[in-house]
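Student: A single structure is presented below for examination.
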Amino acid sequence: MSVWLLPENIADMLPREARLIERLRSKFFSLVQSHGFEVVRPPMIEYVDSLLTGSGSDLDLRTFKIIDQVSGRTLGIRADMTPQVARIDAHILNRSGISRLCYAGSVLHARPLHPIASRQPYVCGIELFGSSSHQSDLEVIRIGLEVLNSFGLDDQYLDIGHVGVVRSVLDTDPRAHECLPEILTALKLKDPTELDLAVDKLKPETVKALIKLMRLFGGEEVLDKIEEELSAFPGVRKAVEEVRWIAERCQAKHISFDFSAVHGYQYLTGITYSVTIPGCYQSVLRGGRYDNVGSKFGRDRPAVGFTLYLREMIGVIPTKRPYAIVAPGDIDDPALTEKINSLRGEGKIVVQLLPGDNFESLEDAFRLDEELVLEDGKWQIVRRYFKKE
């Protein structure tokens, strides 16, 4: 085996990808900060009992665990930043009103979300704490769509659900908790045969309702059918009304509804949503309401937010090589140094040639349309096309 071979589903971030990630990260922070969100940067590792508080078994399975050589306790490498931000809000900031927090960084997954997913996603997201209103759900969804628009991804497909529908069905069946993993797997796969593992424990009406949920997904007509066919379960009508209210106001171009999408079921408490875009094999945005997580840290704070997966979307975002100005390598010319520093201060890229530089290698990274040349005793920018040597 080659010594430089990387683990499965782990890859280097090469210049083009890193450059685009940085541009998207900058756009994201600029936009969400204009809405009043403040940046936080949680640590890469925490004690597991803190890192996984209130997050459910899915996150536990995706978290790398190591032994801290200082304390002897078990540490986890973060697989999701949302619980960390919830801890910061509940335990450190301790604000009484609404908190709007945002973040960006790498996370690490012990298991990929699907066979070809990266185990080191680069994510950014927002979390809004302190409001249980529909308006806060709407604000977060609208910001997510606005961020994607700012990335040039205006062909968005928003899928909305509500964990209250499945929860209302299962709450009427005393033994549902005994086979919850099998139920959630069946719902995620939309495969009624997966329920066979749980049929002996569930009431017939529970099985019938779950199968209906697997089959009821699509356009606005789904909302009417859910209300009509599952009205016997308490809480279903209220959950559908919340979804309808959001859908009418979120200003998305394409909206669908799916109440069997149970990603994060064990900690989400209300509205859920995801966004897909053409060319991407998984959702590039996931979010929802998770009002119970803060209580695990000592404060019962309502919360809603989303996470964006930047590495997943960059393959469909058009990108160009950045412009660069080529400068001679004369380091003993004060006027040249002053001119280069001035251009860089204006935000321009200036590559000063070193011995061994060649334009072919530079043109792999930059568009070399301009050159600094000495004309009439002054260093001037001249448009120039460099042929590859």
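Student: Could you give the accessible area per residue of the stretch 243-336, probe 1.4 Å, as a whole number in Å²?
Tutor: Numbers: 3840 Å² over 94 residues.
Accessible surface, normalised per residue, equals 41 Å².
Student: Something else: With every protein chain kept in place and ligands, DNA and RNA left out, what is the accessible area per residue of the stretch 117-186? Probe 1.4 Å, answer in Å². Present the calculation step by step, with values, prior to reporting the outcome.
Tutor: Working: 2290 Å² over 70 residues.
Computed with neighbouring chains in place, this is 33 Å² per residue.
Student: Can you spot the lysines whose alpha carbon is less than 29 Å from K348's alpha carbon? Ignore those fewer than 8 places along the same chain.
Tutor: Cross-link targets: K27, K320, K339, K378, K387, K388.
Student: Net charge around E228, counting only other residues with Cβ within less than 13 Å of its Cβ (Lys, Arg = +1; Asp, Glu = -1)? Mind showing how you got there, number by number?
Tutor: Values: positive: K212, K225, R237; negative: E221, D224, E227, E229.
Charge balance in the 13 Å sphere: -1.
Student: Could you tell me what percent of the accessible area of the stretch 1-123 is made up of carbon and sulfur, with a 1.4 Å probe and every protein chain present?
Tutor: 56
Student: Any idea what Rg and Dmax come out to for the chain if you just take the C-alpha atoms, in Å?
Tutor: Every Cα atom of the chain included, Rg and Dmax give 25.6, 91 Å.
Student: Please build a GNM for the chain, connecting alpha carbons under 10 Å apart, and tell me which residue among E242, E360, E220 fluctuates the most.
Tutor: Highest fluctuation of the listed residues: E360.
Student: Residue by residue through the stretch 26-38, which ³J(HN,Hα) values in whole Hz follow from phi under the Karplus form 6.51 cos²θ - 1.76 cosθ + 1.60 (θ = phi - 60°), with glycine and proline marked x?
Tutor: 5, 4, 4, 4, 4, 6, 6, 5, 5, 8, x, 8, 9
Student: While we're looking at this one, here's another question. How far, in degrees from 0 to 90, does helix 236-249 lean away from the longest principal axis of the Cα atoms of the chain, to the nearest 10?
Tutor: Once rounded, the angle reads 30 degrees.
Student: Also: Go through the stretch 366-381 residue by residue and turn each phi into a ³J(HN,Hα) via Karplus (6.51, -1.76, 1.60, θ = phi - 60°); whole Hz please, and just put x for glycine and proline.
Tutor: 9, 8, 9, 8, 9, 9, 8, 10, 8, 10, 6, x, 10, 7, 10, 8
Student: Follow-up question, since we're still on this one. Under a cut-off of 20 Å between alpha-carbon atoms, report the aspartates and glutamates in cross-link reach of K225, not counting same-chain residues fewer than 8 places apart.
Tutor: D159, D191, E205, E241, E242, E248, D258
Student: Still on this structure, please answer the following. Sort out the exposed loop chymotrypsin sites (Phe, Trp or Tyr not before Pro) in the chain (DSSP loop, at most 12 other Cβ within 10 Å) and tell me the longest stretch that has none.
Tutor: Numbers: sites that count: W4, Y281, Y385.
Counting at most 12 other Cβ atoms within 10 Å as exposed, the longest clean stretch of the chain is 5-280.
Student: Oh, and also: Counting other Cβ atoms within 10 Å of each Cβ, which trypsin sites (Lys or Arg not before Pro) in the stretch 13-112 have at most 13 and sit in a DSSP loop?
Tutor: On the way: sites: R16, R19, R23, R25, K27, R62, K65, R73, R78, R87, R95, R100; in loops: R62, R73, R78, R95.
Sites meeting the loop and neighbour criteria: R73, R95.
Student: Hey, another quick one. In a solvent-free Debye calculation with one equal scatterer on each Cα, what is log10 I(q)/I(0) for the stretch 199-325 at q = 0.15, 0.16, 0.20 Å⁻¹, listed in the order of the q values?
Tutor: Log10 of I(q)/I(0), two decimals: -0.89, -0.98, -1.28.
The values are calculated or read from the model by the stated rules, or taken from the named source; none is laboratory data. Every value quoted in this text rests on a predicted model; they were computed, and no experiment measured them. Here Cβ is always computed from backbone atoms with ideal geometry, including for glycine, and neighbour counts include all displayed protein chains. Protein only, heavy atoms only, side chains kept; ligands, DNA and RNA dropped before computing areas. Shrake-Rupley method; radii C 1.70, N 1.55, O 1.52, S 1.80 Å.
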